[in-house]
Each structure stands twice: as C-alpha cells, then as structure tokens.
1. Output the number of residues of region 308-320 satisfying the condition of being open to solvent by 10 Å² or more (accessible area, probe 1.4 Å) and either among the small types (Gly, Ala, Ser) or not in a loop (DSSP other than H, G, I, E, B) (or both).
2. Within region 83-111, track down each residue that is among the aliphatic types (A, V, I, L, M), in a helix (DSSP H, G or I) and farther than 27 Å from Lys148 by Cβ.
3. Considering only region 86-98, I want to know if a residue exists there that is modelled with pLDDT under 85, more than 18 Å from the chain's Cα centre (by Cα) and surrounded by fewer than 23 Cβ atoms within 10 Å (Cβ to Cβ).
4. Please name all residue pairs, on different chains or six or more residues apart, with Cβ atoms under 6 Å, provided the first residue is in region 217-234 and is farther than 17 Å from Asp11 by Cβ and the second residue is of a type in the set (S, T, N, Q).
5. Quick one: would you say Ser67 is at pLDDT 90 or above and in a helix (DSSP H, G or I)?
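The values are calculated or read from the model by the stated rules, or taken from the named source; none is laboratory data. Just so it is clear, the structure is predicted and the values come from calculations on it, not from any experiment. Cβ sites come from the backbone with ideal geometry, for glycine too, and all protein chains shown count toward neighbours. For the accessible areas, the whole protein counts, side chains as well, though only heavy atoms, and no ligand, DNA or RNA atoms are used. Shrake-Rupley method; radii C 1.70, N 1.55, O 1.52, S 1.80 Å.
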Amino acid sequence: MFMAVSIVCDDYFLPSLEIISESLGLSQDVAGATFMAAGSSAPELVTAFLGVFVTKGDIGVSTILGSAIYNLLGICAACGLLSSVVSRLSCWPLFRDCLAYAISAAAVLAMIFDSKIYWYEGASLLLIYGLYILVLCFDIKINQYIMKKFSPCCTCFAKAMEENTEQQQLIGWKEECEPLICRQSRTDSGIFHDESDYSQLSISLHGLDEISEDPPSVFTIPEADLKRILWVLSLPIITLLYLTTPDCRRQFWKNWFVVTFFMSAVWISAFTYVLVWMVTIVGDTLAIPETVMGLTLLAAGTSIPDTVASVLVARKGKGDMAMSNIVGSNVFDMLCLGVPWFIKTAFIDTSAPVEVNSSGLTYTAISLICSIIFIFLAVHLNGWKLDKKLGAICLVMYLAFAILSILYELGIIGNNPVKVCGG
C-alpha cells in the first residue's frame, strides 16, 4: 500500500498538480497549500465523514489532532533527510501558513472544549477556510505590502527583498516575450534561489510548449535490479491505475488533468484506508494500546500521502511547495472537520449537536502550539534552508513529542486509563 501511494503521487497526482498550477498561474507555495494539501489530505476528509455519520464517534477528531504533530515535525524530518537537494525557504509562505494553522487549531480546540458541536460552529470553520483561500488569492499583493512594511525591522524580510530585486534583474530581460514566466514568478518563490533549479529556469525561458515528448510507458521494465523487483511487485497496482486514471503527462491526456487529480485523490484515499486497516490489525495482534497506535503508527499511516508528495517535491528543490503542503494540509485537515459537522447539524439532525470527546485536550493544545513555534524557529535558526540538518532536528523533536505523548497516554505521566486495540 505504501508503494501504491508512492506510484499514485509520482505518476498521476503531482503531474496533474503541475498542470493545474500552470493553468491558474499559481506559485509553488500557493499550489502546495491548496490543491496539493486538499488532494493528499483526502483520507482525513473521508475519516472525518466516517467519524460523524458511520461510527458516530470522535475518530475523525482524534486522527486529525493526533497526526498534527507528525504532519509538522515528522514530514519535515522526512523532507530534510530523504532529499539530496538543499532547498531555500521563503519567510512569508511559512509565516502565513503557520498563522493560519494556529488560528484553525485554536478554533477547533475552542469548539470541542464543551464536547458539543452546533451548526454555527461547523459553519465558522468553513468560513475560516474560505478566508484562508481568499488570502491565498491575493497572496502576492499582501506579501509585497508586508515585506515593505516590516523589512526595516525583520532581517528575513529584508533578505527576501534583496533576493526579489536580484530575481527581477535575472528575468527582466525576458519580460516582453515571456509573459507567462513573469506572471508565475513571485517575490518569495523558491524557483530562483537554488543553483540546481537554474535548469528549470532555462527550460521555462526556452518555452514550455516546445517540450512535447511523452515520458516512457509505465510498463517499461527498469534496468536496475532492485527497481525491476519493485516494478514486478507493483505491476498489479500500475495496471489498475493505468486502466482507471488518465496519465496527464502524455499529450493525448493532457487536457484531462482535472479527472487525473480527482481520480488520484480517490485512489490515495482507498490505499490509505487499507494501509491504516493493516496497521490496526498489526496493533491488535501485538496488543499495542490504542492510544499509542493513534499517536504513532496510525498518525503516520493517514499522513503517508502528504509525506510521499512532500518528499517528492523537496527532491526537485521546491522547498516552499513542500513546506506549504505540510502546514497547508494541516489547515485543511482541521477545517475539513467543519464539513461533516455542518452537514449533520444543519441538514440531517438539526435538533441535537454532534457529540465529541474532549479529554486530553489541554495536552493536545500545548503540543500543537509548541510544534508550530518550534518549526518556525527551527527554520529561522537554520538560515531558511530545508536540508539534512533541519531534518535531523525535526526528527529528534518528533521522537521527543511522541515519547512524551506515549508516556502520558500509558499513565506513566499523569493519570489515564489504558485501552488496548480491539478491547
């Protein structure tokens, strides 16, 4: 299932995302925080609906709040350690997404504090997400205003201003004949920051339309031995995806990118469901406490699409897109809880609110706030680079958070009754 998610992301989901970004003129970070976050977080949306309408429990809340720490620190660690390219990060996208995440987390925690969710609370979550999308629509203008306002007192904004002028000099000479590049470029985009990405710039300047060669067929046997073994093992998955999802990397299917995007999200949800199911069976067999599973294996399991997608874009040197997906998918996860809550309280069962369990809320709130502050400070102190050093720091911090959480849930720290999977 892990291989299946990887194949969907690499061959279908990310190529469709690139075409959507190109068509709408989105920058790396905005694409990462919107379409990429929504697509790779499809399993969490499905979980939230299951929790409200099918199991009638708080599975959605616990999964989303439980995986929030992993999403921030665990995925950031994976991007840093598994990517050979050092990506430059920009100040504004990370600040914008961290602020949106802090607001959405505070909103969810305030709503579930009394263990009851009313229709207006579900609607307010959707309103917050609408405002976040609105901010992303006017992202360039807001970014330029904030950079001008705060550059004298903040070094990272001043540095971004300098890089912006260098970037304008770099692409200014192509302004008349390449309007697309100028429209897509932005003051904080990571495209021009890294030497490895000058090849992307040269491709862009020579015209994207000239490159019309189709990639090799998915049925082409790889030459390396290990890749060949993996290819044979994943052949049923490759065939299934080939028959059900149009490959928008090919000229024939290029205009079907919207279908590719939605089908990729459907398959990502299906594979993640089976993956989490298998992880639960392993936990039940080994008699691992339910809470420990929720904080470690299940949290990582539901976030595998986010992990795979973020690592793949980080390897291409698109650090802003990876970081915006990490934080943006958390914003989407938090606020997607509002959709099933609002539907249930406003249209299906209008008389009673949705009941959720709010125990252990204080610890969750503190750990969420700490992780947001930590990730921002870690990136700042690391010189706004996504590299192996940042990855190692995030991994150590994630392990510390996970160990503390497990000790708390097992009753070693504090007083908590222990539940075992299946018990």
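1. 4
2. Scanning region 83-111 gives Ala105, Ala106, Ala107, Val108, Leu109, Ala110, Met111.
3. no
4. No pair meets every condition.
5. Considered against the rule, which asks whether it is at pLDDT 90 or above and in a helix (DSSP H, G or I), Ser67 comes out as no.
Matching residues to (1) open to solvent by less than 50 Å² (accessible area, probe 1.4 Å); (2) charged (D, E, K, R); (3) more than 19 Å from Phe2 (Cα to Cα); (4) part of a loop (DSSP other than H, G, I, E, B):
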residue	(1), (2), (3), (4)
Leu243	no, no, yes, no
Pro246	yes, no, yes, yes
Arg249	no, yes, yes, yes
Ser269	yes, no, no, no
Trp277	no, no, no, no
Asp306	yes, yes, no, no
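Here's the yes/no breakdown for (1) within 24 Å of Cys91 (Cβ to Cβ); (2) over 19 Å from the mean Cα position of the chain (by Cα):
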site: Ile366; (1), (2): no, yes
site: Leu377; (1), (2): yes, yes
site: His380; (1), (2): yes, yes
site: Lys385; (1), (2): yes, no
site: Lys388; (1), (2): yes, yes
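Residue-wise test of (1) in contact with a Lys or Arg (Cβ under 9 Å, 6 or more places away or on another chain); (2) charged (D, E, K, R); (3) closer than 24 Å to Ile348 by Cβ.
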{"residue": "Asn71", "(1), (2), (3)": "no, no, no"}
{"residue": "Ala78", "(1), (2), (3)": "no, no, no"}
{"residue": "Ser87", "(1), (2), (3)": "yes, no, no"}
{"residue": "Asp97", "(1), (2), (3)": "no, yes, no"}
{"residue": "Ile112", "(1), (2), (3)": "no, no, yes"}
{"residue": "Asn143", "(1), (2), (3)": "yes, no, no"}
